[in-house]
There are 2 protein chains.
Amino acid sequence: MTLLEERIRRDGVVRGPDVLKVDSFLNHQIDVELLDEIGKEFYRLFSGENVTKILTIEASGIGVACIAAQRFHVPVIFAKKSQTKNIAGPVYTSKVESFTHGRVYDILVSKEFLRPEDRVLLIDDFLANGSALQGLISLVRDAGATLVGAGICIEKAFQPGGALIRSMGVRVESLARVKALREGIGVEFL
Amino acid sequence: MTLLEERIRRDGVVRGPDVLKVDSFLNHQIDVELLDEIGKEFYRLFSGENVTKILTIEASGIGVACIAAQRFHVPVIFAKKSQTKNIAGPVYTSKVESFTHGRVYDILVSKEFLRPEDRVLLIDDFLANGSALQGLISLVRDAGATLVGAGICIEKAFQPGGALIRSMGVRVESLARVKALREGIGVEFL
């Protein structure tokens, strides 16, 4: 998606070979007009799939997921990173290793909202090592729901997540695929 | 806002005198069409205020904030609950006590995105003890920005947060003000 690649080139900041900061428009400050274009593109890619639910993970996937969901006219579910007083009753859980925070945590979704008849589209801002996406896939499979694919804003294609998830037979659509991050030079796309 | 009150009456679940579960439409599963009506109402209330930024806190405020921001045509910033590799550089911080999680945590916003010339609208899903809102207000004041007010989906008006924040001179607009939660009976609104 040219618009997103251009925005990454303009406003993304490369902080070493692994770290791309996009916090001025995607995951700290959020440009909702850009998110609307991203949502439109996910809809173009997955509109034939009869999606019934969009599933993401807190926190930075929520904005993209909600604005994309307006196109699909379906609810968003966001997997939570810890048990709270406000989720009671049965849940699906899985484990996710966070590259950004350097730890492993549980994610959970209430069984009430993910049903065998659901056709689920996963949406997230980044795909790097694929741990978050694997966790979400596991929740969908535990629910016996149908996984239609994953819509990703930025894939770090030099990290193993994309290949891993595609090798599981999951359709992954990444709107910007980063080939390399070169500090002081910039971002190379596939 | 009648639509929201009706939805709370229909789909909210009262779990004791303090706990109102709205996770089927607001903060776990999200009804984006409802969020759009909520965003429209916040815009009606604050459209005269020349808002330049909407500030919320991860995670459950993000969806409402993003969809409201589409009406205002301004960016969203969400305060983060912990330092990550992806926020480098100077930040404003404050402390928030979570009623839901039973602990105190730091929230932070990059100084880059909250500027003295900004006119900031706070948005969140719940107002109960007011700790999250106080934390956000403190970030706005530290930045020297102008606080135009707070737009809240559900205020638990029997808890002290609303009175506390209003006594600070902050304009608080809550779309549903809960007077009492009665298990087995339901929700009473102000």
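If you go through region B:154-167 one residue at a time, how many are touching a Gly at 6+ places or on another chain (Cβ under 9 Å) and of a type outside the set (Asp, Glu)? Full working, then the answer.
At the first step, the residues of region B:154-167 found to be touching a Gly at 6+ places or on another chain (Cβ under 9 Å) are B:154-156, B:159-165.
When the remaining residues are screened for being of a type outside the set (Asp, Glu), the result is B:154, B:156, B:159-165.
Of the residues in that region, 9 qualify.
For region B:71-79, state whether one or more residues are closer than 23 Å to B:Glu155 by Cβ, aromatic (Phe, Trp, Tyr), facing chain A (nearest Cβ under 9 Å) and crowded, with 24+ Cβ neighbours inside 10 Å.
Yes, that holds for at least one residue.
Please pick out the residue among A:Gly89, A:Gly102 that is surrounded by fewer than 20 Cβ atoms within 10 Å (Cβ to Cβ), in contact with a helix residue (DSSP H, G or I) (Cβ under 9 Å, 6 or more places away or on another chain), over 22 Å from A:Leu34 (Cβ atoms) and within 13 Å of chain B (Cβ to nearest Cβ).
Working: A:Gly102 fails: in contact with a helix residue (DSSP H, G or I) (Cβ under 9 Å, 6 or more places away or on another chain).
One residue alone meets the criteria, A:Gly89.
Is it true that A:Val178 is in contact with an Asp or Glu (Cβ under 9 Å, 6 or more places away or on another chain) and part of a helix (DSSP H, G or I)? Lay out the reasoning, then the answer.
Numbers: in contact with an Asp or Glu (Cβ under 9 Å, 6 or more places away or on another chain): yes; part of a helix (DSSP H, G or I): no.
Against the criterion (in contact with an Asp or Glu (Cβ under 9 Å, 6 or more places away or on another chain) and part of a helix (DSSP H, G or I)), A:Val178 does not qualify.
Suppose we filter B:Gly169, B:Gly144, B:Gly186, B:Gly149 for residues that are on the phi > 0 side of the Ramachandran plot and modelled with pLDDT under 95; which single one remains?
On the way: B:Gly169 fails: modelled with pLDDT under 95; B:Gly144 fails: modelled with pLDDT under 95; B:Gly149 fails: modelled with pLDDT under 95.
Only one candidate passes the filter, namely B:Gly186.
Please work out if B:Ser47 is among the hydroxyl-bearing types (Ser, Thr, Tyr) and surrounded by 21 or more Cβ atoms within 10 Å (Cβ to Cβ).
Here the answer is no, as B:Ser47 does not meet what is asked.
Can you find a residue in region B:122-133 that is farther than 21 Å from B:Arg9 by Cα, in contact with a helix residue (DSSP H, G or I) (Cβ under 8 Å, 6 or more places away or on another chain), of a type in the set (S, T, N, Q) and away from chain A (no Cβ under 12 Å)?
Checking region B:122-133: at least one residue is farther than 21 Å from B:Arg9 by Cα, in contact with a helix residue (DSSP H, G or I) (Cβ under 8 Å, 6 or more places away or on another chain), of a type in the set (S, T, N, Q) and away from chain A (no Cβ under 12 Å).
Here are the criteria: (1) facing chain B (nearest Cβ under 9 Å); (2) closer than 17 Å to A:Ile152 by Cβ; (3) of a type in the set (Asp, Glu). Tell me which single one A:Glu41 does not satisfy.
Failing condition for A:Glu41: (1).
For region A:142-190, which positions are of a type outside the set (Lys, Arg) and free of Cβ contacts under 8 Å to residues at least 12 places away in the same chain? Working first, answer last.
Of the residues in region A:142-190, the ones of a type outside the set (Lys, Arg) are A:142-155, A:157-165, A:167-170, A:172-176, A:178, A:180-181, A:183-190.
Residues satisfying the conditions are A:Ala163, A:Ser167, A:Gly169, A:Glu188.
Select, from A:Val19, A:Val32, A:Val13, the only residue that is crowded, with 16+ Cβ neighbours inside 10 Å, more than 8 Å from every other protein chain (Cβ to nearest Cβ) and not polar (S, T, N, Q). If you could, list the steps in order and put the result at the bottom.
On the way: A:Val19 fails: more than 8 Å from every other protein chain (Cβ to nearest Cβ); A:Val32 fails: more than 8 Å from every other protein chain (Cβ to nearest Cβ).
Answer to the check: A:Val13.
Go through A:Ala145, A:Ala128 for me and flag whichever is of a type in the set (A, V, I, L, M, F, W, C) and more than 18 Å from A:Phe46 (Cα to Cα). Give the steps one after another, and end with the answer.
Working: A:Ala145 fails: more than 18 Å from A:Phe46 (Cα to Cα).
On inspection, the qualifying residue turns out to be A:Ala128.
Residue under question is B:Asp118, and the condition is that it be touching a Lys or Arg at 6+ places or on another chain (Cβ under 9 Å), of a type outside the set (A, V, I, L, M), crowded, with 20+ Cβ neighbours inside 10 Å and touching a residue at least 24 places away in the same chain (Cβ under 8 Å); does it hold? Spell out how you get there, then give the answer.
Values: touching a Lys or Arg at 6+ places or on another chain (Cβ under 9 Å): yes; of a type outside the set (A, V, I, L, M): yes; crowded, with 20+ Cβ neighbours inside 10 Å: yes; touching a residue at least 24 places away in the same chain (Cβ under 8 Å): yes.
Yes: the conditions hold for B:Asp118.
So the check is Cβ under 6 Å with 6+ separation or different chains; which pairs have a first residue in region B:45-72 that's closer than 27 Å to B:Tyr105 by Cβ and a second one that's in a strand (DSSP E or B) and small (Gly, Ala, Ser)?
Qualifying pairs under 6 Å: B:Ile57/B:Ala79.
The values are calculated or read from the model by the stated rules, or taken from the named source; none is laboratory data. This one's a predicted model, so the numbers in the text were calculated from it and none came from an experiment. Here the Cβ is made from the backbone with ideal geometry for all residues, glycine too, and neighbour counts use every protein chain on show.
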